[in-house]
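Student: Next up is a structure, given as structure tokens.
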2 protein chains.
Amino acid sequence: MDQYRMPPSTSAREAVYAKLRHQILILELPPGTALSEKDASLAFGVSRTPVRESFVRLAQEGLVQVLPQRGTFVSLIDSELVEEARFMREQLEKAVIRLACESFPEDRLEALEENLREQRESMARTDDKRMFELDEAFHRTIFEGCRKLNTWAAIQQMNVHLNRSRLLRLVTDHQWSHLYAQHEQMAIAIRNRDADRAERVMREHLSLSIADLTMLKEKYPQYFQ
Amino acid sequence: MDQYRMPPSTSAREAVYAKLRHQILILELPPGTALSEKDASLAFGVSRTPVRESFVRLAQEGLVQVLPQRGTFVSLIDSELVEEARFMREQLEKAVIRLACESFPEDRLEALEENLREQRESMARTDDKRMFELDEAFHRTIFEGCRKLNTWAAIQQMNVHLNRSRLLRLVTDHQWSHLYAQHEQMAIAIRNRDADRAERVMREHLSLSIADLTMLKEKYPQYFQ
DNA sequence: ACTACCATACTTGTATGGTAGTATGGAACG
DNA sequence: CGTTCCATACTACCATACAAGTATGGTAGT
């Protein structure tokens, strides 16, 4: 809950942690992958200590599972955890977008609209990675405008599993155009202070952007518990 | 996000972490207290390594702040973080208690009522510590009945600051009788499947049990940022 | 008296060696 | 051929030593 205003100094531990976390989240290290203090320390050119401490942090986030004297593995995706993360995110995002419809700074609203422009460009280029980033940024901006950035950070922390399955879903079948249309409607609803509509669109949006897992479980059974 | 089904083995790291966490949460180690890897390692009779790894975990939860080459300190209470934690908790608890009014297993409802009995006893004994535990258990049971235990765990994780201020408030002026009455109404609402009433009571309950911070800031200024 | 400096005693960060528990593959045996 | 046992090569866990940055108190110089 604190990794945002860390000293910019890139301690070895911080560097290793950030790198591993990123690799896990983008499935470059797929669920089930065996890690090892020794291998990672060799790969990063540091000693085992900072690697170990990175593993401790990742384990607390649920990104890896440490089995004493056996090994450390990238966590499999836990369906129950994914479903609850979706639930939490839905409740919090619905509440926040209602707040946004009461009061929202103009410059953040413009940021949303600028984001939408970028989404259109990225869609034209079929740049999935960028679209994923813009999606995240769009939601983040809503929280920012409501002064609820810590809430967004908490969501990020509990959404590590959720994000992996979202990514799986999106690389499987793209449906950016629909998601974009919903983003657009949200921005309009905020501008028009139409809380009910905003909440409804958000609910639909999240249930759409979040895969139903049964399909993914069939396609990538080895990634799930 | 994973400390629920850890191996029961109490590794040195786990023991140190659990002890420090508890001491911080009950304000036995008040905000601002200077910790030290060396001192802690002596106190626990282990080497610096497991202590250090505990600090890493606590730092990630925001319970301590590690300043390289300067020291490690129990985090001060951040008002903004407390307010957002309250917001998150309110949204999630309202949503969950609505779920509970749709469907709730009979044995969990009985657990709630048994909990209420214990609350009456503890109140008679003015056993604040026990009341605090029962309060937590009551809410936890609601999540359990809705099969949302991971959500409860996430709340626990982000509520570390919130809990400290709640504890401050409760040791300052006890108001258990009012809180108890609300718990009782919640159980009744769940039994009667009265979602609107349940949500309303929950909202009032949380805004009551969660201190307004201005008073606490005046009384314990050294604990706040 | 005041200031600048520096030795010293802290702090956390990193590296490394030893320990104990676990998985694995091959050999010996039924 | 199948099963049991054991040596071996892993693993994470912990202790310890060293490195590097920081706060502090005393001292010398002005």
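Student: Tell me the residue from A:SER41, A:SER79 that is of a type outside the set (A, V, I, L, M, F, W, C) and over 26 Å from A:PHE132 (Cβ atoms), please.
Tutor: Sole residue among the options that is of a type outside the set (A, V, I, L, M, F, W, C) and over 26 Å from A:PHE132 (Cβ atoms): A:SER41.
Student: Over 17 Å from the mean Cα position of the chain (by Cα) and either of a type outside the set (Lys, Arg) or farther than 22 Å from B:GLN156 by Cβ (or both): is that true of A:PHE55 in this structure?
Tutor: Yes.
Student: Same structure, new question: Restricting attention to the stretch A:12-29, does a residue exist that is within 8 Å of another protein chain (Cβ to nearest Cβ), among the acidic types (Asp, Glu) and on the phi < 0 side of the Ramachandran plot?
Tutor: no
Student: Then there is this: For the stretch B:73-166, which fully contained helices (runs of 4 or more DSSP H) count at least 1 residues that are more than 29 Å from A:LYS148 (Cβ to Cβ) and over 12 Å from the mean Cα position of the chain (by Cα)?
Tutor: B:106-124, B:128-145
Every residue, every condition in (1) free of Cβ contacts under 8 Å to residues at least 12 places away in the same chain; (2) more than 16 Å from DNA strand C (Cβ to nearest atom), yes or no:
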{"site": "B:PRO50", "(1), (2)": "no, no"}
{"site": "B:SER54", "(1), (2)": "no, no"}
{"site": "B:GLN69", "(1), (2)": "yes, no"}
{"site": "B:THR72", "(1), (2)": "no, no"}
{"site": "B:ARG98", "(1), (2)": "no, yes"}
{"site": "B:ARG108", "(1), (2)": "no, yes"}
{"site": "B:ALA137", "(1), (2)": "no, yes"}
{"site": "B:GLU144", "(1), (2)": "no, yes"}
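Student: Does the stretch A:151-168 contain at least one residue that is farther than 25 Å from A:VAL64 by Cβ and crowded, with 21+ Cβ neighbours inside 10 Å?
Tutor: yes
Student: Turning to a different aspect of this structure: Do you know which residues across the stretch B:10-27 are outside any helix (DSSP H, G or I) and in contact (Cβ under 8 Å) with a residue 40 or more places away in the chain?
Tutor: Those that are outside any helix (DSSP H, G or I) and in contact (Cβ under 8 Å) with a residue 40 or more places away in the chain: B:ILE26, B:LEU27.
Student: Can you list residue pairs whose Cβ atoms sit under 6 Å apart, with the first residue in the stretch B:112-128 being in the same structural domain as B:ILE97 (by TED's automatic domain parsing) and the second being of a type in the set (Lys, Arg)? Count only pairs 6 or more apart in sequence or on different chains.
Tutor: Qualifying pairs under 6 Å: B:SER122/B:ARG130.
Here is a yes/no grid of residues against (1) within 14 Å of chain B (Cβ to nearest Cβ); (2) open to solvent by 40 Å² or more (accessible area, probe 1.4 Å); (3) under 20 Å from A:LEU208 (Cα atoms); (4) among the hydrophobic types (A, V, I, L, M, F, W, C):
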| position | (1), (2), (3), (4) |
| --- | --- |
| A:SER75 | yes, no, no, no |
| A:LEU92 | yes, no, yes, yes |
| A:ALA100 | yes, no, no, yes |
| A:GLU110 | no, yes, no, no |
| A:GLU113 | no, yes, no, no |
| A:ASP127 | no, yes, yes, no |
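Student: From the list B:ALA111, B:ALA43, exactly one residue is among the aliphatic types (A, V, I, L, M) and within 16 Å of DNA strand D (Cβ to nearest atom). Which is it?
Tutor: Checking each option against the conditions leaves just B:ALA43.
Student: A:GLY71 fails exactly one of the following numbered conditions: (1) within 16 Å of DNA strand D (Cβ to nearest atom); (2) surrounded by fewer than 17 Cβ atoms within 10 Å (Cβ to Cβ); (3) closer than 27 Å to A:THR141 by Cα. What is the number of that condition?
Tutor: (3)
Student: Confirm whether B:LYS38 is assigned to a helix (DSSP H, G or I), exposed (fewer than 15 other Cβ atoms within 10 Å of the Cβ) and not small (Gly, Ala, Ser).
Tutor: yes
Student: Still on this structure: Here are the criteria: (1) near DNA strand C (Cβ under 9 Å from one of its atoms); (2) surrounded by fewer than 15 Cβ atoms within 10 Å (Cβ to Cβ); (3) charged (D, E, K, R). Tell me which single one B:GLU28 does not satisfy.
Tutor: Of everything listed in (1) near DNA strand C (Cβ under 9 Å from one of its atoms); (2) surrounded by fewer than 15 Cβ atoms within 10 Å (Cβ to Cβ); (3) charged (D, E, K, R), B:GLU28 misses just condition (1).
Student: For B:GLU84, state whether it is at the interface with another protein chain (Cβ under 9 Å from one of its Cβ atoms), farther than 16 Å from A:TRP152 by Cα and surrounded by 22 or more Cβ atoms within 10 Å (Cβ to Cβ).
Tutor: No: the conditions fail for B:GLU84.
Student: List the residue pairs whose Cβ atoms are under 7 Å apart, where the first residue sits in the stretch A:28-44 and is farther than 13 Å from A:VAL64 by Cβ, the second is open to solvent by 40 Å² or more (accessible area, probe 1.4 Å) and within 14 Å of DNA strand C (Cβ to nearest atom), and the two are 6 or more positions apart or on different chains.
Tutor: A:LYS38/A:ARG48; A:SER41/A:SER47; A:SER41/A:ARG48
Student: Moving on to the next point. So B:LYS38 passes all but one of these: (1) over 23 Å from B:ARG164 (Cβ atoms); (2) more than 9 Å from DNA strand C (Cβ to nearest atom). Which condition number does it fail?
Tutor: Going through the list (1) over 23 Å from B:ARG164 (Cβ atoms); (2) more than 9 Å from DNA strand C (Cβ to nearest atom), B:LYS38 breaks only (2).
Student: Is it the case that A:ARG57 is within 16 Å of DNA strand D (Cβ to nearest atom), of a type in the set (Lys, Arg) and under 20 Å from B:LEU58 (Cα atoms)?
Tutor: yes
The values are calculated or read from the model by the stated rules, or taken from the named source; none is laboratory data. All values derive from a computational prediction rather than experimental measurement. For neighbour counting, all protein chains shown are included, and Cβ atoms are generated from backbone atoms with ideal geometry for every residue, glycine included. Remember, those area values only see protein heavy atoms, side chains included, never the ligands or the DNA or RNA. Shrake-Rupley method; radii C 1.70, N 1.55, O 1.52, S 1.80 Å.
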